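The values are calculated or read from the model by the stated rules, or taken from the named source; none is laboratory data. Treat the numbers as computed from the prediction; the structure is a model and nothing was measured. Only protein heavy atoms, including side chains, enter the accessible area calculation; ligands, DNA and RNA are left aside. Shrake-Rupley method; radii C 1.70, N 1.55, O 1.52, S 1.80 Å.
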Amino acid sequence: MNTFKQGLKTLGRALNDETRINILYYLIQNGDTNVQTLVEHTNKSQTSISHHLRILTDSGLAKLQKQGRSHYYSISDKHVETILQILKDHFSE
């Protein structure tokens, strides 16, 4: 399978969960965020949030930045925000 098709497949899997979409929108609105803040925002367990963040980072939608013992997550780049806005516009029509 070519890289583009594989990327779409990976993107589809990553966006196939309401919690992950919620996390992405939170990261877009708030920037660098730690796991505990996302746990509080989503009312999910730390294990669950870590699992979702792993999928988002593996798919290239989010990135991890380590600062000492703290881990902060953010969207990987502006393309993620653009993709989500296009999808939101598409499904809002």
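Numbers at a glance
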read-out	value
Average accessible surface area per residue within the chain, 1.4 Å rolling probe, Å²	69
Computed P(r) (all Cα pairs; the chain; 10 Å bins; percent)	16, 50, 28, 6, 0
The chain - mean residue ellipticity at 222 nm from DSSP helices (-39,500 (n - 2.57) per run, n ≥ 4, rounded to 500)	-20500 deg cm²/dmol
Fraction of accessible area attributable to carbon and sulfur, the chain (%, probe 1.4 Å)	49
Candidates ASN43, ASN22, ASN34, ranked by Gaussian network fluctuation over the chain, Cα under 10 Å, top entry	ASN43
Residues of type lysines that LYS88 reaches as a straight line, Cα spacing below 28 Å, ignoring anything fewer than 8 places off in the same chain	LYS5, LYS9, LYS44, LYS63, LYS78
Straight-distance crosslink candidates among aspartates and glutamates, where the alpha carbon sits under 15 Å from LYS66 and sequence neighbours closer than 8 are dropped	ASP32
Relative contact order of the chain, pairs being alpha-carbon contacts under 8 Å that are 6 or more residues apart, as %	26
